[in-house]
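Q: Before I ask anything, here is the structure I am working with.
The values are calculated or read from the model by the stated rules, or taken from the named source; none is laboratory data. Nothing here was measured: the structure is a model prediction, and the numbers come from that model. Cβ sites come from the backbone with ideal geometry, for glycine too, and all protein chains shown count toward neighbours.
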Amino acid sequence: MTAESTGRSEDADLTVYWHERMLDHEQPAGAFKHPSTPIVAADETHPDRRERVENIVATVEHGFPEESRFLEPERATMEAIERVHDADYVDWLEEFCADGGGRIGRTTTGANEATYDAARVAAGAAVAAADHALSGRPGLPYALCRPSGHHAQPTQADGFCFLNNAAIAAEDAIASGADRVAIVDWDVHHGNGTQEAFYDRDDALLVSAHHDHGSWSEYHPQEGSLAEVGEGDGTGYTLNVPLPPGTGDRGYERLFEDVVEPVVRSYDPDLVLVSAGQDAGTVDPNGRNLVTRGGFRTLGSRVRTLADDVADGRLALIQEGGYQPSHLSFATLGVLEGVLDRLVDLEGYGHDDPMAWLDEPTELVDAWLDEAIDHHRAHWPVLAESDDG
Ligand SMILES: [Zn+2]
């Protein structure tokens, strides 16, 4: 993997794999993410809008001007892509986009003529980030991917995703010699495509915390339920943790302390990948959770410490969702503050999140977490009994 440096020194603390080609991907406007309807006078831009990642670029440049550098990834190779996706599906996607794209069936996902190429660049960014981490190069790698990947299944697009960036990166790491890869998916939606890619495997562990949104149609058959734990050799290596609406900073910190950390420590991976979707943030139009900049800072800090302890620091962030463009900047700033152990004093905002305004229903969150922990203890005895049994 070669990449052209567009930024600063070789030993920057943060390396962002980013290419402007990913801005050319567009999904169709309509009634939010749905098709146009006569009862809505004005179509709006699809929630996966380019401003999401343009804002994150600004967040990095202004939050970490001395600590960061941007590298342009190469497109993922067909060999890398087809470790996860069926060749027939990849061929169909290329042709669909070459014909101009459009909405895919009855989904909320659409493409334009640039989507296939952008998706290959995004997958290439994830592969480069994982390779960076695995090879022990200095600085934290962050793949700023658009389109996102974690809903894309081996044979179909889903949930604004076309190629599964995290799964392709994990497969590439395994092909490069990693024995075990842990994927921590804190996006507010189920990492159903990643689950599907590794469901019968024990060389990739998936912990996905998400809304209990279930399955819908043939495009998204996975449920994200506690019962989906993997099959065959993969039994126990999928851990779904459904969370109730309103889960905030405290619930996610407990998720890490009581589930993610003991399980990942026990798994002892060679590499930790984070499917980092910041749509568990307060005010996200595709989520109902309340994680603030400070909460994301805690998640970033904890996953960095975890990777330092269990994988000699081999950690890569892979961008997934996050759909309120302004809040996505504050939330991602929090993640990066956490992983880099820096606090950015933002003029007018200090260290705060201006969009945090609701309290978390902690009893409900604890009850759901207790249930998840009790369920997963069957495969992970390391999970502690909750205080009330
Ligand atoms: Zn999401």
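Q: Can you confirm whether D308 is without any contact (Cβ under 8 Å) to a residue 24 or more places away in the chain, among the acidic types (D, E) and either within 16 Å of the ligand (Cβ to nearest atom) or surrounded by fewer than 21 Cβ atoms within 10 Å (Cβ to Cβ) (or both)?
A: On the way: without any contact (Cβ under 8 Å) to a residue 24 or more places away in the chain: yes; among the acidic types (D, E): yes; either within 16 Å of the ligand (Cβ to nearest atom) or surrounded by fewer than 21 Cβ atoms within 10 Å (Cβ to Cβ) (or both): yes.
Yes.
Q: A further question on this structure: Can you pull out every residue in region 229-246 that is crowded, with 17+ Cβ neighbours inside 10 Å and β-branched (V, I, T)?
A: V229, T238, V241
Q: Considering region 265-284 alone, what residues qualify as being outside any loop (DSSP other than H, G, I, E, B) and either more than 17 Å from the chain's Cα centre (by Cα) or surrounded by fewer than 24 Cβ atoms within 10 Å (Cβ to Cβ) (or both)? I'd like the intermediate steps shown before the answer.
A: In the first step, residues of region 265-284 are kept if they are outside any loop (DSSP other than H, G, I, E, B); the result is 265-267, 271-276, 281.
R265, S266, Y267 - these are the residues of region 265-284 that are outside any loop (DSSP other than H, G, I, E, B) and either more than 17 Å from the chain's Cα centre (by Cα) or surrounded by fewer than 24 Cβ atoms within 10 Å (Cβ to Cβ) (or both).
Q: Among the residues of region 207-226, which ones are of a type in the set (A, V, I, L, M, F, W, C) and touching a residue at least 40 places away in the same chain (Cβ under 8 Å)?
A: Of region 207-226, the ones of a type in the set (A, V, I, L, M, F, W, C) are 207, 209, 216, 226.
Selection gives V207, A209, L226.
Q: So which of Y349, Y323 is buried (at least 24 other Cβ atoms within 10 Å of the Cβ) and among the hydroxyl-bearing types (S, T, Y)? Spell out the reasoning first.
A: Numbers: Y349 fails: buried (at least 24 other Cβ atoms within 10 Å of the Cβ).
So the residue among Y349, Y323 that is buried (at least 24 other Cβ atoms within 10 Å of the Cβ) and among the hydroxyl-bearing types (S, T, Y) is Y323.
Q: Could I ask something else about it? Considering each of D172, D187, D202 in turn, give the residue that is surrounded by 24 or more Cβ atoms within 10 Å (Cβ to Cβ) and farther than 12 Å from S275 by Cβ.
A: Working: D187 fails: farther than 12 Å from S275 by Cβ; D202 fails: surrounded by 24 or more Cβ atoms within 10 Å (Cβ to Cβ).
Every option except D172 fails the conditions.
Q: Is it true that P73 is at pLDDT below 95, over 22 Å from E196 (Cβ atoms) and out of contact with any Lys or Arg (no Cβ under 9 Å at 6 or more places or on another chain)? Break it down into steps so the answer makes sense when it comes.
A: On the way: at pLDDT below 95: no; over 22 Å from E196 (Cβ atoms): yes; out of contact with any Lys or Arg (no Cβ under 9 Å at 6 or more places or on another chain): yes.
No: the conditions fail for P73.
Q: Just to be sure I understand, how many residues within region 318-345 are in contact with a Pro (Cβ under 8 Å, 6 or more places away or on another chain), under 16 Å from G295 (Cα atoms) and within 14 Å of the ligand (Cβ to nearest atom)? Explain how you work it out, then say what you get.
A: Taking region 318-345 first, the residues in contact with a Pro (Cβ under 8 Å, 6 or more places away or on another chain) are 323-324, 330.
This time we only want the ones that are under 16 Å from G295 (Cα atoms), so: 330.
Add one more test, that the residue is within 14 Å of the ligand (Cβ to nearest atom), and what stays is none.
Residues meeting the conditions: 0.
Q: Please return the ranges of helices (runs of 4 or more DSSP H) entirely within region 1-101 where 2 or more residues are buried (at least 16 other Cβ atoms within 10 Å of the Cβ) and over 19 Å from the mean Cα position of the chain (by Cα).
A: Working: elements: 51-63, 78-81, 87-98.
Answer list for region 1-101: 87-98.
Q: Taking region 285-321, which residues are farther than 15 Å from E360 by Cβ and in a loop (DSSP other than H, G, I, E, B)?
A: Those that are farther than 15 Å from E360 by Cβ and in a loop (DSSP other than H, G, I, E, B): P285, N286, A311, D312, G313, R314, E320, G321.
Q: Let me ask you something else. Give me the pairs, please: first residue somewhere in region 37-57 and farther than 14 Å from G321 by Cα, second residue anywhere and part of a loop (DSSP other than H, G, I, E, B), beta-carbon distance under 8 Å, and either six or more positions apart or on two chains.
A: These pairs meet every condition: D43/A29; D43/S36; E44/A29; E44/F32; T45/A29; V57/W18; V57/L144.
Q: Next up: Within region 115-149, take every residue that is outside any helix (DSSP H, G or I) and touching an Asp or Glu at 6+ places or on another chain (Cβ under 6 Å) and give me the one that is nearest to A76 (Cα to Cα).
A: So in region 115-149, the residues outside any helix (DSSP H, G or I) come out as 135-149.
Restricting the remaining residues to those that are touching an Asp or Glu at 6+ places or on another chain (Cβ under 6 Å) gives 138-139, 148.
Numbers: P138: 22, G139: 22, S148: 14 Å.
That would be S148.
Q: So, A130, is that one at pLDDT 95 or above and within 13 Å of the ligand (Cβ to nearest atom) or not? Walk me through how you get there before you give the answer.
A: Working: at pLDDT 95 or above: yes; within 13 Å of the ligand (Cβ to nearest atom): no.
In short, no.
Q: Would it be correct to say that A276 is in contact with a helix residue (DSSP H, G or I) (Cβ under 9 Å, 6 or more places away or on another chain), more than 16 Å from the ligand (Cβ to nearest atom) and among the small types (G, A, S)? Reasoning before the result, please.
A: Values: in contact with a helix residue (DSSP H, G or I) (Cβ under 9 Å, 6 or more places away or on another chain): yes; more than 16 Å from the ligand (Cβ to nearest atom): no; among the small types (G, A, S): yes.
Against the criterion (in contact with a helix residue (DSSP H, G or I) (Cβ under 9 Å, 6 or more places away or on another chain), more than 16 Å from the ligand (Cβ to nearest atom) and among the small types (G, A, S)), A276 does not qualify.
Q: Residue under question is A182, and the condition is that it be in a strand (DSSP E or B), of a type outside the set (S, T, Y) and away from the ligand (no atom under 16 Å from the Cβ); does it hold?
A: When the stated conditions are applied, A182 passes them.
Yes/no per residue for (1) among the aliphatic types (A, V, I, L, M); (2) over 25 Å from A123 (Cβ atoms); (3) in a helix (DSSP H, G or I):
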site: H189; (1), (2), (3): no, no, no
site: T194; (1), (2), (3): no, no, yes
site: E218; (1), (2), (3): no, no, no
site: Q222; (1), (2), (3): no, no, no
site: G236; (1), (2), (3): no, yes, no
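Q: Separate question: Can you spot a residue in region 199-206 that is within 16 Å of the ligand (Cβ to nearest atom), free of Cβ contacts under 8 Å to residues at least 60 places away in the same chain and within 26 Å of L140 (Cα to Cα)? Give the steps one after another, and end with the answer.
A: Looking only at region 199-206, we keep the residues that are within 16 Å of the ligand (Cβ to nearest atom), and these are 206.
Narrowing the set further to residues that are free of Cβ contacts under 8 Å to residues at least 60 places away in the same chain leaves 206.
Narrowing further to those that are within 26 Å of L140 (Cα to Cα): 206.
Yes; the residues of region 199-206 include at least one that is within 16 Å of the ligand (Cβ to nearest atom), free of Cβ contacts under 8 Å to residues at least 60 places away in the same chain and within 26 Å of L140 (Cα to Cα).
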